Amino acid sequence: GRYAAILLDMTLPTFDKSPVESGGLLKHFAGREILGQMERHGIKTPVIVFTAFDQFGEGASKKSLAELQAELKGGHPTLYKGAVSYDAALNDWKVQLTTLLNSVLILSGKSGDA
């Protein structure tokens, strides 16, 4: 069946973690790359970015979450539905995630709470 939405972490390791593998380097913009691959392959499932970071990249390529959100909205307007900044010490990320998921479900014609 078709999924209603994809929760996509923006920063991902280059390898799977295991007892003998550290996970490699973190790719700060891995989620952006995955969105591009989804479009190239015709995948139309709505994407909500989920992240614990508020800054991405290093040096000249460093971006704030707000800058990255604007870039994703402009570059992937049909796929990208928003971002949720996760912080274990706060609860407002839960409200943000629920709101975005409910809006995706309403737009897709599916009913029920997220």
- Message: I want to verify a result. In a Gaussian network model of the chain, Cα cutoff 10 Å, which of these has the top mean-square fluctuation: 100, 26, 90?
- Response: 90
- Task: Specify the residue with the greatest mean-square fluctuation among 66, 88, 52, computed from a Gaussian network of the chain linking alpha-carbon atoms under 10 Å apart.
- Result: 88
- Message: At most 12 other C-beta atoms within 10 Å and a DSSP loop state: those are the exposed chymotrypsin sites (Phe, Trp or Tyr not before Pro) I care about. Give me the longest piece of the chain that has none.
- Response: 16-114
- Can you bin segment 57-96 into rounded, prolate or oblate? Criterion: square roots of the alpha carbon gyration tensor eigenvalues sorted a ≥ b ≥ c, rounded for a/c under 1.5, prolate for a/b above b/c, oblate for the rest. oblate
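Need one word for segment 42-114: rounded, prolate or oblate. Basis is the Cα gyration tensor (sqrt eigenvalues a ≥ b ≥ c); a/c below 1.5 gives rounded, then a/b vs b/c decides. Show your work: numbers first, answer last.
Values: a/c = 3.25, a/b = 1.34, b/c = 2.42.
Because a/c hits 1.5 or more and a/b fails to exceed b/c, segment 42-114 counts as oblate.
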- Item | Label-point separation, residue 90 to residue 20 (7 Å along Cα→Cβ), nm | 4.2
- Task: Among 19, 109, 47, flag the residue with its Cα farthest along the positive direction of the charge dipole of the chain, charges on Cβ as +1 for Lys/Arg and -1 for Asp/Glu.
- Result: 109
- Within segment 60-75, backbone nitrogen closer than 13 Å to the virtual label 7 Å beyond the Cα of residue 27 toward Cβ: none
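What does the charge dipole of segment 1-111 about its Cα centre add up to, to the nearest 20 debye, if the Cβ of each Lys and Arg holds +1 and the Cβ of each Asp and Glu holds -1? Please report the intermediate quantities before stating the final value.
Values: 12 positive and 11 negative charges, 92 e Å.
Computed about the Cα centre, the dipole is about 440 debye.
Compute the accessible area per residue over segment 19-105, keeping the other protein chains in place, probe 1.4 Å, unit Å². Spell out each step's value before the answer.
Working: 5170 Å² over 87 residues.
Accessible area per residue: 59 Å².
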- Query: With a sphere of radius 11 Å drawn around the Cβ of residue 86, what net charge do the other residues whose Cβ falls strictly inside it have (Lys, Arg +1; Asp, Glu -1)?
  - Reply: -3
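Take every DSSP beta bridge whose two residues both sit in the chain, then give the antiparallel share in percent to the nearest 5.
Working: 5 of 14 bridges.
Beta bridges within the chain, antiparallel portion: roughly 35 percent.
Got the relative contact order for segment 1-104 handy, in percent, Cα pairs under 8 Å and 6 or more residues apart?
Working: 143 pairs, mean separation 26.7, N = 104.
Worked out over segment 1-104, it gives 26 percent.
The values are calculated or read from the model by the stated rules, or taken from the named source; none is laboratory data. Nothing here was measured: the structure is a model prediction, and the numbers come from that model. In this analysis, Cβ positions are derived from the backbone assuming ideal geometry, glycine residues included, and neighbour counts consider all displayed protein chains. Each accessible area value is taken on the protein alone, full model and side chains, heavy atoms only, with ligands, DNA and RNA left out. Shrake-Rupley method; radii C 1.70, N 1.55, O 1.52, S 1.80 Å.
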